[in-house]
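These notes are about the structure you will find just below.
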Ligand SMILES: Cc1cc2nc3c(=O)[nH]c(=O)nc-3n(C[C@H](O)[C@H](O)[C@H](O)COP(=O)(O)OP(=O)(O)OC[C@H]3O[C@@H](n4cnc5c(N)ncnc54)[C@H](O)[C@@H]3O)c2cc1C
Ligand code: FES
Ligand code: FES
């Protein structure tokens, strides 16, 4: 099968990779690049754990045709921390026990980052809306919602990552 | 069999490629098509895409708007022109889906999807196909013959602007909030002249294989004032001539039982 070259930016660095026809972005990131932070949950758009940012906006990588990201800026959970320093959202998730099994966490973090980048002071309702495409089977959502609000309050959610 | 992807710079080239193959599909936002690819759907073997930027433009024309088929739900929500459609676009999926899902793809989405298409049906939109210079197709006809249009590329949709903000109303009924799939959606265009309804159009989503007009309700409303008696008469015929589907979300019986209740609430809603 034909392989096509695709170039894009991932967490600030340039990447070039070959994709197969019909390959989705999640598979390309995990198998082609080796970024294992976006997870495979359903492959149907319903769980949200594969959420990545494309040009700053949340997209479901399992439903994105890999070759359509040519020239675009991608962000995954691998790009959140700077060195040993966790992103404010990651720190708040850890402090607030917002991850149990952790499978939904990368998608939650990406959805939350997209929200805080646009709206640094969201209401609780806006947080609920922002993560409405992400399913968590463990926490009951409350610790996640609280962690996102905490990260917003700490104010440095915007300063790095 | 793996799928092949063909990319074209221009929409008319993509339209020709699509027209020449029964087993090709055009890529909108991909939320349904990539789901089918992931599931190993064998009903198509080619995906056709276009890079044409015109395809996702919104522009004013006459007393309405031309919305490119590639416009996403998020772009509708963000548009200052399409405020009347923002609540409809906001009801589709979660934030990531809205960044991907296009209005063109929504026209083809099988029930229970198609909330945006139901709104376009009530608004009396026309569907413009790529490569056909003439007039657009009324959305009623397009949805009725949807199967036949599987090899045509939708370029844009022309939507007349409702006369005033309260003349267009929409509600999506779902069990999971804020993001759930429709049990039904109702869109209502309620233009009034001298206190009487004139040219009312009511559409349902998720009550048939495609969004449908609700002619019995329209007849009950036409020429009347939108008072309690009229609303009661309209609600009484809410499912006349309609055979709602049974799916994982609700039975046909349930849909039939609740349709009148939701229609009544929508029609009696104060200006929102
Ligand atoms: C988790 C999830 C939640 C969803 N929630 C909703 C919801 O609440 N309401 C709702 O209405 N839908 C919902 N959907 C369905 C879907 O996302 C939307 O209907 C969306 O608008 C489809 O558009 P798309 O651009 O993604 O379509 P695609 O997947 O790109 O295409 C769908 C079909 O339309 C055809 N097509 C697309 N564009 C064109 C064009 N311009 N010309 C000709 N053919 C075209 C394709 O060939 C394909 O057959 C949901 C889907 C998922 C996965
Ligand atoms: S894996 Fe993409 S939404 Fe579940
Ligand atoms: S922590 Fe287990 S799914 Fe959310």
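The values are calculated or read from the model by the stated rules, or taken from the named source; none is laboratory data. Source: prediction; values computed, not measured. Using ideal geometry, Cβ is built from the backbone for each residue, glycine included, and neighbour counts are taken over all protein chains shown.
Could you please let me know if residue A:134 is part of a loop (DSSP other than H, G, I, E, B), within 16 Å of ligand 1 (Cβ to nearest atom) and modelled with pLDDT of 95 or more? It is true that residue A:134 is part of a loop (DSSP other than H, G, I, E, B), within 16 Å of ligand 1 (Cβ to nearest atom) and modelled with pLDDT of 95 or more.
The rows are residues; the columns are (1) in contact with a strand residue (DSSP E or B) (Cβ under 9 Å, 6 or more places away or on another chain); (2) buried (at least 21 other Cβ atoms within 10 Å of the Cβ).
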{"site": "B:214", "(1), (2)": "yes, yes"}
{"site": "B:220", "(1), (2)": "no, yes"}
{"site": "B:230", "(1), (2)": "yes, no"}
{"site": "B:233", "(1), (2)": "no, no"}
{"site": "B:240", "(1), (2)": "no, no"}
{"site": "B:245", "(1), (2)": "no, no"}
{"site": "B:258", "(1), (2)": "yes, no"}
{"site": "B:263", "(1), (2)": "yes, yes"}
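The residues in segment B:1-28 that are more than 9 Å from ligand 1 (Cβ to nearest atom), free of Cβ contacts under 8 Å to residues at least 60 places away in the same chain and touching a strand residue (DSSP E or B) at 6+ places or on another chain (Cβ under 8 Å) can be counted, and the count is 12.
Conditions tested, residue by residue: (1) in contact with a helix residue (DSSP H, G or I) (Cβ under 9 Å, 6 or more places away or on another chain); (2) part of a helix (DSSP H, G or I); (3) surrounded by 15 or more Cβ atoms within 10 Å (Cβ to Cβ).
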residue: B:36; (1), (2), (3): no, yes, yes
residue: B:42; (1), (2), (3): no, no, no
residue: B:47; (1), (2), (3): yes, no, yes
residue: B:60; (1), (2), (3): no, no, no
residue: B:74; (1), (2), (3): yes, yes, yes
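In this structure, residue A:97 qualifies as assigned to a loop (DSSP other than H, G, I, E, B), within 16 Å of ligand 3 (Cβ to nearest atom) and outside the structural domain of residue A:15 (by TED's automatic domain parsing).
Might you let me know whether segment A:21-33 holds any residue that is touching a residue at least 60 places away in the same chain (Cβ under 8 Å), buried (at least 18 other Cβ atoms within 10 Å of the Cβ) and in a strand (DSSP E or B)?
The answer is no; no qualifying residue exists.
Kindly indicate whether residue B:70 is part of a loop (DSSP other than H, G, I, E, B), in contact with a strand residue (DSSP E or B) (Cβ under 9 Å, 6 or more places away or on another chain) and within 11 Å of ligand 1 (Cβ to nearest atom). Yes: the conditions hold for residue B:70. Every condition in (1) free of Cβ contacts under 8 Å to residues at least 40 places away in the same chain; (2) touching a helix residue (DSSP H, G or I) at 6+ places or on another chain (Cβ under 7 Å) holds for residue B:78 except the one numbered (2). Once segment A:73-94 is narrowed to residues that are closer than 30 Å to residue B:48 by Cβ and buried (at least 17 other Cβ atoms within 10 Å of the Cβ), the residue that is farthest from ligand 3 (Cβ to nearest atom) is A:74. Number of residues in segment A:100-131 that are part of a loop (DSSP other than H, G, I, E, B), within 14 Å of chain B (Cβ to nearest Cβ) and surrounded by fewer than 24 Cβ atoms within 10 Å (Cβ to Cβ) equals 3.
Could you tell me whether segment A:100-110 includes any residue that is more than 16 Å from ligand 2 (Cβ to nearest atom) and out of contact with any helix residue (DSSP H, G or I) (no Cβ under 7 Å at 6 or more places or on another chain)?
Checking segment A:100-110: at least one residue is more than 16 Å from ligand 2 (Cβ to nearest atom) and out of contact with any helix residue (DSSP H, G or I) (no Cβ under 7 Å at 6 or more places or on another chain).
Every listed requirement among (1) more than 10 Å from chain A (Cβ to nearest Cβ); (2) within 22 Å of residue A:69 (Cβ to Cβ) is met by residue B:23 save one, (2). Looking at segment A:46-87, the strands (runs of 3 or more DSSP E) lying wholly inside it that each contain 2 or more residues that are more than 23 Å from residue B:3 (Cβ to Cβ) and more than 7 Å from chain B (Cβ to nearest Cβ) sit at A:73-75.
Being under 21 Å from the mean Cα position of the chain (by Cα), assigned to a helix (DSSP H, G or I) and in contact (Cβ under 8 Å) with a residue 40 or more places away in the chain holds for only one residue in B:217, B:171, and it is B:217.
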